[in-house]
Structures are given as C-alpha cells and as structure tokens.
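Have a look at the structure below, then the notes.
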Amino acid sequence: HYRCRSAFKLLEIDKEHKILHPGNRVVDCGAAPGAWSQVLVDKSVGFVLGVDLLRIAPLEGAVFLSKCDLTDPATHRKIIDLLPSGQADVILSDMAPNASGIKELDHQRLVGMCLSLVDFSGTVLRPGGNFLCKIWDGGESSLIRDRLQQRFQIVKTVKPKASRTESAEIYLLAKSHKSNNAPN
Ligand code: SAM
C-alpha cells in the first residue's frame, strides 16, 4: 500500500538500527509522494511532519508542509512552529535535487542541502535525537560525515539492500545528537 518503493529502505534501516520510537516527533524532509511518512504513521511515532518542494497528498496521521524549500529559513520557522514544544526527536531526509546528469555536480548539490539540514538540526533536534540523510556518494562525502561526527555521538554509513547496488546512493545515520553547548 506504499506510495513509493522507498518505504522499504526506511523499514530496513529502522529494523537494523532502531531509529524510530513510539512518541517520537519526526520530521520527514523531502517527503513526497509520502511513503516514508506512511511508514512513520504505521509505526505510531508520536508526530509526523513531512516537508517537500512538491505537493504531498494528505495522509491521516501526518502533517504536511507542501511547496516548502528545506534550504529556506522561512521553512525552518514553520517547522519549529508546528512541532510540539518546537523540537524534533528524529530528522530524516530522503531529499534529492533534480539530477542534472553531471554526477559530481549533483553530488555536491545534495551534500550542500544535507549540510544545511545538519545546521538546522542544531536548533531543532533535541539532545540525544537521531538524524538520517541520503547522499549520492562522491568527493565531498567526507564534509557531511565530518560535520555529523562533530554533532553526534555515533555516525554510520548505511546501504540498504532495497537501494540498488549500482546506485551511488547511501544513507548516513547519526545517532545521539550532542547537546548544543557541548564543545566539539
Ligand atoms: N521519501 C519519499 C517517499 O518515501 O515518498 C521520496 C522522496 S524523493 C526520492 C525526493 C524528494 O525530495 C522529492 O519529492 C523532491 O521534491 C524533494 N526535494 C528536493 N529538494 C528539496 C528541497 N530543497 N526542499 C524540500 N524538498 C526537496
């Protein structure tokens, strides 16, 4: 019943790494068409907020911000306003920019988007919270991995079986967000 096969990647990652828990406030970045949000609702996490540049068709149990750019500070303010107590327990990103076909350029763009999401996470993700993002692997992957290592206790690279082996797509999983005041 999932809107997209990508649901199986999230199911697989969560089964292995236990990132979602009952009661969690979860932000699903790049949520359209909404399959990851369906998984979140099925798992009865506490609050599901999906955000995408595109329109996301309504889903019972989820709140959606359609036509919102996650690199725009105005979107960040809307997310904080909608989250209970203004904080998230988990931030997920399956965002992907429109591919230009130039591999290195697409890679750099996606890494840039994820770096900005890590920065936003500094203000919205509670200490101890978890972060998962998709990147296309390449020359600048270490930039995002290093930044995650500064801000989280544990960082892992995950390649779900449901992700085609020939694709450059990998997921970076960062667990246990350090408190904002912790020295790096
Ligand atoms: N996880 C989704 C699901 O299970 O249905 C599939 C996500 S799809 C691979 C990637 C999405 O990222 C697209 O819908 C695209 O519009 C969105 N996206 C790309 N850039 C974005 C941005 N700057 N802000 C918000 N969403 C963005």
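The values are calculated or read from the model by the stated rules, or taken from the named source; none is laboratory data. Just so you know, these numbers come straight off a predicted model, no measurement behind them. All Cβ positions, glycine included, derive from the backbone under ideal geometry; neighbour counts span all protein chains shown. Note: areas computed on protein heavy atoms with side chains; ligands, DNA, RNA excluded. Shrake-Rupley method; radii C 1.70, N 1.55, O 1.52, S 1.80 Å.
Observations
- Members of segment 29-45 found to be in contact with a strand residue (DSSP E or B) (Cβ under 6 Å, 6 or more places away or on another chain) and open to solvent by 40 Å² or more (accessible area, probe 1.4 Å), listed by number: V41
- Note on segment 68-184: enclosed helices (runs of 4 or more DSSP H) holding 1 or more residues that are within 14 Å of the ligand (Cβ to nearest atom) and open to solvent by 70 Å² or more (accessible area, probe 1.4 Å) are 73-82, 103-124.
- Selection of segment 6-55 for residues being more than 13 Å from the ligand (Cβ to nearest atom) and among the basic types (K, R) yields K15, K18, R25, K43.
- Pairs are defined by a Cβ separation below 6 Å, a sequence spacing of at least 6 or placement on different chains, a first member in segment 36-61 that is modelled with pLDDT of 95 or more, and a second member that is within 12 Å of the ligand (Cβ to nearest atom) and open to solvent by 80 Å² or more (accessible area, probe 1.4 Å); no pair meets this definition.
- Scanning segment 2-27 for residues that are within 19 Å of K159 (Cα to Cα) and either of a type in the set (S, T, Y) or assigned to a strand (DSSP E or B) (or both) turns up just one, S6.
- Residues (assigned to a helix (DSSP H, G or I) and closer than 20 Å to I170 by Cα) located in segment 28-51: A35, W36, S37, V39
- Matching residues in segment 1-35 - criterion: being modelled with pLDDT under 95 and touching a Cys at 6+ places or on another chain (Cβ under 9 Å): none
- Single condition R3 does not satisfy, out of (1) open to solvent by less than 60 Å² (accessible area, probe 1.4 Å); (2) within 24 Å of P160 (Cβ to Cβ); (3) within 12 Å of the ligand (Cβ to nearest atom): (1)
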